Every structure is written in structure tokens, then in C-alpha cells.
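Engineer: Here you go, one structure.
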């Protein structure tokens, strides 16, 4: 019989997975945080990705203060503070570094 600590750990992992599923986001990147239909994501390194509201968002790379992103068959580029449409997602790049982008994404 598992100890109470093991059961609590399994329960916590299940709750976290359920929360991410309900929020419409899954982690394939450094960090993802969702509230309602809006997610904040940090993608670090070429090829980093996250699934947001049923859409895969991928970082193709960063160069000269711009991040190149792919989503829903579209490829877009944004600099810090810019908003773009990437497939069905509306994306605002809040920070772009040499190897990462932090952004907010929502449907629409």
C-alpha cells in the first residue's frame, strides 16, 4: 500500500495535469501560465513549443530582437511590444532575448 506522501504526490500531479487541460494549455516549453482564454508562455531555444488553446505555437528562432514563431500553418515575426496574428492565435511578444521569447497568446 502506498504511503500517504506517495498518494499526495500522485494526487498533486493529477490536479496539475487537469488544471492545464482545463486551461487549454500544455507545457512543451520553459513555462506556461493560463487564465481563462489567455496564456503567458516562455519559449526558450529553437524548436521550443507549447500547445495553447488547442494550437501548437513554436519558436523558430530569434535574431536582431525579433522572434520568429509558427502557429496554425502561419509563420510570423514580432519584436518586444508587438502584436501579431499567428494562425488562429493573437500573440503579443512581451520580451525577446537572444534565445527566448515571452509572449501572451489568446484565440482571436
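Engineer: Each label point is 7 Å from the Cα along the Cα-to-Cβ direction; what then is the distance between the points at residue 55 and residue 104, in nm?
Structural biologist: 1.6 nm
Engineer: Next up: Work out how much length residue 83 to residue 68 would gain on full extension: take 0.36 nm times their residue separation and subtract the Cα-Cα distance, in nm to one decimal.
Structural biologist: Numbers: separation 15, 0.36 × 15 = 5.40 nm, distance 1.26 nm.
4.1 nm is the gain from fully extending residue 83 to residue 68.
Engineer: I want to check the label-to-label distance for residue 90 and residue 33. Put each point 7 Å from Cα in the C-beta direction and report it in nm to one decimal.
Structural biologist: Between residue 90 and residue 33, the simple spin-label model gives 2.1 nm.
Engineer: Sort the following peptides by mean Cβ neighbour count (other Cβ atoms within 10 Å, averaged over residues), highest first: 47-53, 79-85, 100-106, 68-74. Before the final figure, lay out each step's value.
Structural biologist: Details: 47-53: 19.1, 79-85: 14.0, 100-106: 21.4, 68-74: 16.3.
Result, highest mean Cβ count within 10 Å first: 100-106, 47-53, 68-74, 79-85.
No lab work stands behind these numbers, since they all come straight from the coordinates. Just so you know, these numbers come straight off a predicted model, no measurement behind them. Neighbour counts run over all protein chains shown; Cβ positions are idealised from the backbone, glycine included.
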